[in-house]
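Step one of this worksheet: look at the structure below.
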Amino acid sequence: MSHLIAPSLLSANFLKLEEEIDMVNRSEADWLHLDIMDGVFVPNISFGFPVLKRVNQVTEKPMDVHLMIVDPDRYIEKFREVGASIITVHYEACTHLHRTIQAIKQSGAKAGVSLNPHTPVLLLQDIICEVDVVLLMSVNPGFGGQSFIENTIRKSRELKSMIMEQGSDALIEVDGGVTLQNARSLVDAGVDALVAGNTVFGSTNPIETIHLLKHC
């Protein structure tokens, strides 16, 4: 299977949001990545439910919703209602991760779990067969435009080994500092989905950039 590309809408021009989404629709992108921040779990605030509802009306790509929020269980049904196809929660934000993953699946969405850069993949060994996606943060969450943390490549290999050893179907997704220069190294390390924000939306030809990421 070819790796997946998920442009991150956090890096788009918010004054031209519909045009930016239309560009993604016309590209080879597979998912549309949406970072949801609450100003508590991370020091920033991003999209709310009214914005996601409107995005869902114009996007032709599955909405890959990454919850960087405390107490995500309160909002799972609501995110599903506004169109989330994939709902990813942070390991660090969930007291009862297994219960949260089951709630996401019961909502009809695919279930993902995200790890901050300092969190070891070993902590997922008891749940790796329950999740659809593992999202490795390759920057500290909260802001776009940060530099890629090189240790993510080693971490991706370690996670891939765990997935294969346990017979899990989980996809590995990486978010933060993904560029045309490091994309191939990530794919070679076993990454299935690349989230790209500034690399795509800061490009003079974003459709071509998505093409290059897709075929790196």
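Worth pointing out:
- Computed [θ] at 222 nm, deg cm²/dmol, the chain (DSSP H ≥ 4; -39,500 (n - 2.57); rounded to nearest 500): -9500 deg cm²/dmol
- Bridge type composition, the chain - antiparallel percent by DSSP, nearest 5: 5 percent
- Model label sites at H98 and S85, defined 7 Å from Cα along the beta-carbon direction, differ in position by 3.0 nm.
- Close amide H pairs (under 5 Å, H built 1.01 Å from N) link H90 with I69, S114, residues at least 5 positions away or on another chain.
- Derived scalar couplings ³J(HN,Hα) [region 118-130; Karplus, 6.51 cos²θ - 1.76 cosθ + 1.60; whole Hz; x for Gly, Pro]: 8, 8, x, 5, 3, 5, 9, 4, 8, 10, 4, 7, 9
- Under a model in which nothing but the beta-carbon of Lys, Arg (+1) and Asp, Glu (-1) is charged, region 127-216 shows a dipole of about 300 debye around its Cα centre.
- Summary value for region 1-114: 21 percent relative contact order, contacts being C-alpha pairs under 8 angstrom separated by 6+ residues.
- Applying the Karplus relation 6.51 cos²θ - 1.76 cosθ + 1.60 with θ = phi - 60° to region 166-181 yields 3J(HN,Hα) values of 9, x, 7, 9, 4, 8, 9, 10, 10, 9, x, x, 6, 9, 5, 7 Hz, where x marks Gly and Pro.
- Spatially close Lys pairs in the chain, defined by Cα atoms under 24 Å apart and a spacing of eight or more places or different chains, total 18.
- The HN-Hα couplings worked out from phi for region 39-51 by the Karplus form 6.51 cos²θ - 1.76 cosθ + 1.60 (θ = phi - 60°) are x, 10, 5, 10, x, 7, 10, 10, 6, x, 4, x, 5 Hz, whole numbers, x standing for Gly and Pro.
- Between S2 and E208, the simple spin-label model (points 7 angstrom out along Cα→Cβ) gives 1.8 nm.
- Cα convex hull volume per residue for the chain (Å³): 110 Å³
- Relative contact order (%) - criterion: Cα under 8 Å, at least six apart; region: the chain: 22 percent
- Taken about its Cα centre, the chain carries a charge dipole of roughly 80 debye when the Cβ of each Lys and Arg holds +1 and the Cβ of each Asp and Glu holds -1.
Every read-out reported here was derived from the displayed coordinates using simple, explicitly stated rules and does not represent laboratory data. Just so it is clear, the structure is predicted and the values come from calculations on it, not from any experiment. Quick reminder, even Gly has a Cβ in these numbers, built from the backbone with ideal geometry, and neighbours come from all protein chains shown.
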